[in-house]
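Worksheet for the structure shown next.
The values are calculated or read from the model by the stated rules, or taken from the named source; none is laboratory data. A quick note: this is a predicted structure, and the numbers were derived from the prediction, not measured. In this analysis, Cβ positions are derived from the backbone assuming ideal geometry, glycine residues included, and neighbour counts consider all displayed protein chains.
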Amino acid sequence: MDKELIKKVTMDSSDFVLLADYVPQIVQEIRYYTTYNFIGDRIDGYEQPIALLTKEAARALKAVSNELNVRGYRLKVFDAYRPATAVRHFVLWGIEDLDLRMKPYFYPDLDKQELFAKGYIASQSSHSRGSAIDLTLLDMETGKELDMGSPFDLFSEVSHPDYKDITEGQFNNRMILRKAMLKHGFEPIDCEWWHFKLKDEPFPDVYFDFPVSEESLKK
């Protein structure tokens with residue numbers, strides 16, 4: 001398995017773009033560049049707080065943004081392309097049982113090992129294939145995030161897209177995002193309302209490992 005994985009990893013960034021070039025109005029809060037994430041440190045491989053995606057995913061997200069802008073919403077992205085190096089950081093953190101600094105904020109009801117078993121954290125992430133994104137919606141009138149019933153990266157049943165023990169308004173907000181993403185070619189997962197992957201992703205079997213930086217796109 002290890003040899004197979006190594007063959008699939010590449011540093012080639014030639015098909016990637018800055019998401020802001022395709023969706024200029026998008027708001028970016030790249031959490032893994034900051035220390036406010038489930039680990040509590042900046043994640044390996046995040047050299048700038050920017051979102052990168054494959055060209056195909058960026059084009060599809062532009063269509064999502066255009067539709068939602070007309071309806072009074074802006075997209076806000078928390079994470080897009082994630083280097084394989086970052087995923088390894090996650091896995092190594094999962095092995096270090098003593099580090100529980102961020103447990104009260106991101107996984108209050110779960111043990112660290114359960115985060116992997118329940119699918120919240122993957123040892124190989126679709127983000128590393130370049131066509132997955134974590135995002136939410138902003139109300140253009142107020143400038144505030146829509147209330148989705150749980151915050152980004154809260155690893156809990158309440159974050160499942162179909163979780164019903166939230167208010168009708170919170171559930172409807174999730175569905176606004178979900179329906180727009182599905183309409184334009186993205187597909188969801190069953191444990192995170194914020195995560196979507198381009199259904200016809202251009203690199204379904206390739207994992208990328210160049211850093212998240214503008215410099216990476218110039219090589």
Query raised in the report: Applying the selection to region 174-197, what residues are among the basic types (Lys, Arg) and within 13 Å of the chain's Cα centre (by Cα)?
Result: LYS197
**Report entry** Qualifying residue in region 129-140 (condition: buried (at least 21 other Cβ atoms within 10 Å of the Cβ), under 15 Å from the mean Cα position of the chain (by Cα) and over 27 Å from PRO24 (Cβ atoms))
**Finding:** no
**Report entry** Number of positions in region 136-165 that are of a type in the set (Val, Ile, Thr) and either in contact with a helix residue (DSSP H, G or I) (Cβ under 7 Å, 6 or more places away or on another chain) or more than 21 Å from ASP109 (Cβ to Cβ) (or both)
**Finding:** 2
Query raised in the report: Do we have any residue at all in region 129-147 that's over 22 Å from GLU67 (Cβ atoms) and assigned to a loop (DSSP other than H, G, I, E, B)?
Result: yes
Requested in this report: Answer yes if at least one residue in region 103-112 is under 29 Å from VAL206 (Cβ atoms) and touching a Gly at 6+ places or on another chain (Cβ under 8 Å), and no otherwise.
Outcome: yes
Query raised in the report: Can you name every residue in region 164-188 that is at pLDDT 95 or above and either part of a loop (DSSP other than H, G, I, E, B) or on the phi > 0 side of the Ramachandran plot (or both)?
Result: ASP165, ILE166, THR167, HIS184, GLY185
Query raised in the report: Since GLU145 meets every condition but one in (1) of a type in the set (Asp, Glu); (2) more than 10 Å from GLU192 (Cα to Cα); (3) modelled with pLDDT under 95, which condition does it not meet?
Result: (3)
Query raised in the report: Can you name every residue in region 69-112 that is under 30 Å from LYS55 (Cα atoms) and part of a helix (DSSP H, G or I)?
Result: ASN69, VAL70, ALA84, THR85, ALA86, VAL87, ARG88, HIS89, PHE90, VAL91
